[in-house]
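These notes are about the structure you will find just below.
The values are calculated or read from the model by the stated rules, or taken from the named source; none is laboratory data. For clarity, every value in this text was computed on a predicted model and none was experimentally measured. Counting neighbours? That spans all protein chains shown, and the Cβs are built from the backbone with ideal geometry, glycine included. When the accessible area is computed, the model is the full protein with side chains, heavy atoms only, and any ligands, DNA or RNA have been set aside. Shrake-Rupley method; radii C 1.70, N 1.55, O 1.52, S 1.80 Å.
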Amino acid sequence: MSEYIISGGVPLVGDVTVSGAKNAVLPILCACLLVGEGTVTLTNCPDITDVLYTLEILRVFGCKTTFEKGTITVNAADAHACEIPCALVGKMRSTALFLGAAAGRFKKAEQCMPGGCELGARPIDMHLSAFAKMGLDITDDQNRVICRGAPHGTDVFLRYPSVGATENIMLAAACAAGTTTVTNAAREPEISALAEFINAAGGRISGAGGGIIVIEGVEKLHGASFSVMGDRIEAATYLAAGLATNGSVTVNGVNPAHLAAVCEVMRRAGGHITCGKNCVSACRAWEYLRSPGRVETAPYPAFPTDAQSIVMAML
């Protein structure tokens, strides 16, 4: 679409159900590469280009996939080691997660440096440093990464609670020999979702959602069914739109706890926020919004970077 035409002055009123979370479904799809027997069925999957690119990469590995009406199936029983084409790697950041998954399944991973959205430099040095501690031999130059060897359990301390590094370690360690402990791990809900999926497929991961995650390696993963969590950033977008237009919006299909920091800022700005079991509602408590004071982004459970521009637009 080349342009949007917005006719303003109309309050947004009503209920909406969010899509499945992009930042949850992509690492889960990468984890499907570890499933050596059986079929994975994922429901509540968003129909977005990043999902389509990820499915295309899985097919390059030899996986069989389908995607219809929000449901994805993946059978990776006949998957094989390969190098992901650079044209696909360059389309999104999450392709870096195939390094951990491929190393965990095939003892070898090879690809170009990942591309994707431009939110500043996001190197994968923490990922590669963790892989090295897990026994992988790393060849890394400006444009290409090769990881060889069988990963084994170890202790990893992350100098920063990186979501991507935490996920990549979990993927490499899920079927590795021994136990891997990640300290200062990322705590985002999407980390917990990945752990829940791996456990549903026969993995043994504990502590996800906290600062220390323990991954006990298993011999292999098996097929499973799993529902993708609702997208908390999409939910924040609808809530902000309701407040910006002096409307009344209820967002369904999201865990209110995942939006605690965003809702607190909205309340300080004059929003009346109420939470149900799987829904959040927003309308204005006063005629006009006001300054919420200083808002800083930080790793979860603090205010998320992805919601910063949305709340700025609301204000």
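Return only the number of the condition from (1) closer than 14 Å to Lys133 by Cα; (2) outside any loop (DSSP other than H, G, I, E, B); (3) open to solvent by 20 Å² or more (accessible area, probe 1.4 Å) that Ala150 does not satisfy.
Ala150 satisfies all of (1) closer than 14 Å to Lys133 by Cα; (2) outside any loop (DSSP other than H, G, I, E, B); (3) open to solvent by 20 Å² or more (accessible area, probe 1.4 Å) except (2).
Got at least one residue in the range 249-258 being crowded, with 20+ Cβ neighbours inside 10 Å and within 18 Å of the chain's Cα centre (by Cα)?
yes
Does Cys112 satisfy the criteria of being without any contact (Cβ under 8 Å) to a residue 60 or more places away in the chain, open to solvent by 30 Å² or more (accessible area, probe 1.4 Å) and of a type in the set (A, V, I, L, M, F, W, C)?
So Cys112 fails the test.
Would you mind stating whether Val25 is crowded, with 22+ Cβ neighbours inside 10 Å, on the phi < 0 side of the Ramachandran plot and assigned to a strand (DSSP E or B)?
no
So, of the residues in the range 196-214 that are part of a strand (DSSP E or B) and either touching a Gly at 6+ places or on another chain (Cβ under 8 Å) or of a type outside the set (A, V, I, L, M, F, W, C) (or both), which turns out to be most open to solvent (accessible area, probe 1.4 Å)?
Arg204
So in the range 126-144, with the set limited to residues that are modelled with pLDDT under 90 and in contact with a helix residue (DSSP H, G or I) (Cβ under 9 Å, 6 or more places away or on another chain), which one is farthest from Thr181 (Cα to Cα)?
Asn143
Could you check the range 271-315 and list, in sequence order, the residues that are in a strand (DSSP E or B), in contact with a helix residue (DSSP H, G or I) (Cβ under 8 Å, 6 or more places away or on another chain) and of a type in the set (Gly, Ala, Ser)?
Answer for the range 271-315, where residues must be in a strand (DSSP E or B), in contact with a helix residue (DSSP H, G or I) (Cβ under 8 Å, 6 or more places away or on another chain) and of a type in the set (Gly, Ala, Ser): Gly271, Ala282.
Against the condition more than 29 Å from Val249 (Cβ to Cβ) and either outside any strand (DSSP E or B) or in contact with a helix residue (DSSP H, G or I) (Cβ under 8 Å, 6 or more places away or on another chain) (or both), how does Leu55 come out, does it pass?
yes
Here is a list of conditions, (1) surrounded by fewer than 19 Cβ atoms within 10 Å (Cβ to Cβ); (2) aromatic (Phe, Trp, Tyr); (3) under 21 Å from Ala150 (Cα atoms), and Phe98 meets all of them except one; can you say which number that is?
Evaluating Phe98 over (1) surrounded by fewer than 19 Cβ atoms within 10 Å (Cβ to Cβ); (2) aromatic (Phe, Trp, Tyr); (3) under 21 Å from Ala150 (Cα atoms) leaves (1) as the failure.
Taking the range 215-247 as the region of interest, how many residues are in a strand (DSSP E or B) and open to solvent by less than 50 Å² (accessible area, probe 1.4 Å)?
Result for the range 215-247: 4.
Identify, from the list Ala186, Ala174, Ala193, the residue that is crowded, with 22+ Cβ neighbours inside 10 Å, in contact (Cβ under 8 Å) with a residue 12 or more places away in the chain and in contact with a strand residue (DSSP E or B) (Cβ under 7 Å, 6 or more places away or on another chain).
Selected residue: Ala174, the only one of Ala186, Ala174, Ala193 that is crowded, with 22+ Cβ neighbours inside 10 Å, in contact (Cβ under 8 Å) with a residue 12 or more places away in the chain and in contact with a strand residue (DSSP E or B) (Cβ under 7 Å, 6 or more places away or on another chain).
Please give the number of the condition Leu52 fails out of (1) more than 22 Å from the chain's Cα centre (by Cα); (2) exposed (fewer than 15 other Cβ atoms within 10 Å of the Cβ).
So the condition that Leu52 fails would be (1).
When the range 269-290 is examined, which residues are found to be open to solvent by 60 Å² or more (accessible area, probe 1.4 Å) and within 28 Å of the chain's Cα centre (by Cα)?
The answer is Thr274, Cys275, Lys277, Asn278.
Filter the range 36-75 for residues that are in contact with a Lys or Arg (Cβ under 8 Å, 6 or more places away or on another chain), closer than 16 Å to Gly223 by Cβ and hydrophobic (A, V, I, L, M, F, W, C) and give the result.
Val74
Being basic (Lys, Arg) and either crowded, with 24+ Cβ neighbours inside 10 Å or in a strand (DSSP E or B) (or both), is that true of even one residue in the range 58-73?
Yes, the range 58-73 contains at least one residue that is basic (Lys, Arg) and either crowded, with 24+ Cβ neighbours inside 10 Å or in a strand (DSSP E or B) (or both).
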